[in-house]
Every structure is written in structure tokens, then in C-alpha cells.
Amino acid sequence: MKAAALNAATGLRTTPQAGGTTQSKTTMPEPLRTESSATPAPAEPSLAELAARRAARRKPAARRPAGPMELVALPLFTVALLLGVWEILVRQYKVPVSLLPAPSAIGARLVETFPTLLQHTVPTTIETVASFALASVAGVMLAILLTYSRLVNSALYPSVVFFQLIPKVALAPLFIVWMGIGSPARLAFAVFIAFFPVVVATMAGLRDTPPDMLRLCRGLTATPWQVFTSVRLPYAVPHIFSGMKIAVTFSMIGVIVAEFISAQEGLGYLIVFASSQADTALILAAILVLCTMGLVLYALVVWAEKIALRLYGAH
């Protein structure tokens, strides 16, 4: 009994021996088997998997598309806030109207002189559109020539870049001396300013054609004209319109600068006339009309780009 009690207390097991004697035998307890030790350990991820997981963590989340509140309401609210601050500051500090009129005074002057502004907007718009069209056509044609002819490129491209580095406003009086004070001088000056962005953008587009497409055309024995009309020009369409978006604003700037110097009509002439009368409200009203005209022309170019890409683009 004493042995049994001792075994229960110490965990030792006694074995009865012959002759009534007992011999103690120590038996170590078996280790506990847990569920985790029975389940095989997961395999270590490879370096490629770790890199993929790291790249997935670094990938930015997709941006949600802007809603109408963000596209329309936020810009309108910002403009209204700026105009409100302008109105308050002018009234608070009693700024003279000849120096800086309040937005309400500019709006009143715009309504009062709207027929006159509209009358002078017509010639400015016509000359801007005409100079933009001439600059676009001349720029695309010159870019094609410079891209396809190495000799022409070597002969003309440095001169084209050199003339574009000259400050354009300094050349405006020369155009008046050479071509008179009529509309041709203003058109020529505006074309001279606007055609260079079209040249550079078109050359970049024509040279951006994927090499595999050109190799495919050579493999199909396509003629140079087929390669140009079917491959190079479609790939250059986005670049051409990028240059045209810049050219449309440069055309308007060229026409306005020319009207400052030699014109009897147009918004540039009206701005010079208003400055001689210290009519700052009329100047700002004319500038507001110019901004509206520029936005409309730019939107038309963007709309034409979408149509061209849908009908003729390669992307």
C-alpha cells in the first residue's frame, strides 16, 4: 500500500519481483501531443512571391472618377469665392475705379458695352481662326518634310529653332513695316507665332511610331505612302492635336499683339483705346470676352481631337 501511494505521488512504477520483493522502475512520462505539432508547417514563400506581395502593397488604389460636384460645383465655388474677396477688398479699401474696379462694376460695364464688344470680337475671332488654320497646315506640312528628308532637316530645322528663340513681340513692328497695317500683317505675325508648336509636336508623333509596326509594314511590302497614311499618321494624331491646342492660344495672342500696333478694329484695338481713356472696367470686360473666346476655341480643338481619334487614330 505504501508503495502504491508512493508511486501515485512520484509517478514511478514498481514492478513486483519474485520472492515478494518489489523493484522500482522509473518510466518517463510521454510528451504531450498538440495539434500544432501534428500539422505540417506551411512552406516558406519564395522570393518571387514576396516581391509580388510587396508590389501589390505598393500599388496605389484606383482613383474614383470625379463626380459632377467636383467637376462643376467646385470650380464655380472657387471662382465665386475669389470674386467675393475681390469685391469686398475693393469696397473696403475704396480702390479707385480707374485703378481696379470691383467685379460688379466690370459686369455692369460688360452689359453696357456688349454691342461694342461683340462688334470688335468678330474680326478678332476671324483672324484668330484663320491664322490657327494656316499655322496648323503649315506646321504639319513642314514637320512631314523635316521628318522624311534628312537634307531638308539639316538645312531648315536649325533656322526654324533659331527664329523661335527670338522674342516674338520684338518682331511685330517689322511685320507692319513689311506688310502694312492691314489684316495680312496680323495674320502673318500670328502664324509665325503659332506654327512652331505644331511642327515640334508633329515631328515627335511621326517619329513615335512603334518599330515593330514599321517592320511589319516592310514585311508586307507596303509602299512608303501606305506606311505614312496607315501607320505613321494615325500614331501621330494625338501629338498633332497637342501642338494644335497650344497653337490656338498662340494664334489669339499673335492677333491681339498685332491689333495693339496696327488695327482700327478688334478687341486688341478696343483695349488700347480703353487704356487711353483710363476705362479699366472696359479693359477687363474685353479681357473677359477674350478669355471666353479662347475657351470656346480650345474646346472646339478638343472636340475635333476626339472625332479624329475615333475615326483615324491608332490608339
Quiz item: Whole-Å semi-axes of region 185-315's equivalent ellipsoid, largest first, each the root of 5 times a Cα gyration tensor eigenvalue?
Solution: 42, 14, 9
Quiz item: Under 5 Å between amide H atoms, partner at least 5 residues away or on a different chain: which partners does THR209 have, H built in plane at 1.01 Å?
Solution: none
Quiz item: Once phi is turned into ³J(HN,Hα) by the Karplus curve 6.51 cos²θ - 1.76 cosθ + 1.60 with θ = phi - 60°, what whole-Hz value does each residue of region 268-282 show in order, with x for glycine and proline?
Solution: x, 5, 5, 5, 5, 5, 5, 5, 5, 9, 6, 9, 5, 5, 5
Quiz item: For region 124-141, in order, what is each residue's ³J(HN,Hα) by Karplus, 6.51 cos²θ - 1.76 cosθ + 1.60 with θ = phi - 60°, in whole Hz (x at glycine and Pro)?
Solution: 5, 5, 4, 5, 5, 5, 5, 5, 5, 5, 5, 5, 5, 5, 5, x, 5, 5
Quiz item: Which net charge results for the neighbourhood of ILE261, defined as the other residues with beta-carbon distances under 14 angstrom from its beta-carbon, given Lys and Arg at +1 and Asp and Glu at -1?
Solution: -1
Exercise. Can you tell me which of 168-178, 117-127 comes out highest on packing, and rank the rest after it, using the mean Cβ neighbours within 10 Å?
Key: 117-127, 168-178
Quiz item: For region 158-315, with the dipole built from +1 on Lys and Arg beta-carbon atoms and -1 on Asp and Glu ones, taken about the Cα centre, which of SER183, GLN264, VAL198 lies farthest toward the positive end?
Solution: VAL198
Quiz prompt | Radius of gyration, Dmax [region 251-304; alpha carbons; angstrom] | solution = 12.3, 41
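For region 191-315, what is the accessible area per residue in Å², given a 1.4 Å probe and the full set of protein chains?
Values: 6240 Å² over 125 residues.
Per residue, region 191-315 has 50 Å² of solvent-accessible surface.
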Quiz item: Which whole-Hz couplings ³J(HN,Hα) result when phi for each residue of region 221-237 is put into the Karplus expression 6.51 cos²θ - 1.76 cosθ + 1.60, θ = phi - 60°, listed in order with x for Gly and Pro?
Solution: 6, 6, 6, x, 5, 5, 5, 5, 6, 9, 10, 5, 5, x, 6, 8, 4
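The values are calculated or read from the model by the stated rules, or taken from the named source; none is laboratory data. These figures come from a predicted structure and were not determined experimentally. Heads up, the Cβs are rebuilt from the backbone with ideal geometry, glycines too, and the neighbour counts pull from every protein chain shown. What goes into the accessible areas is simple: the full protein's heavy atoms, side chains included, and nothing from ligands, DNA or RNA. Shrake-Rupley method; radii C 1.70, N 1.55, O 1.52, S 1.80 Å.
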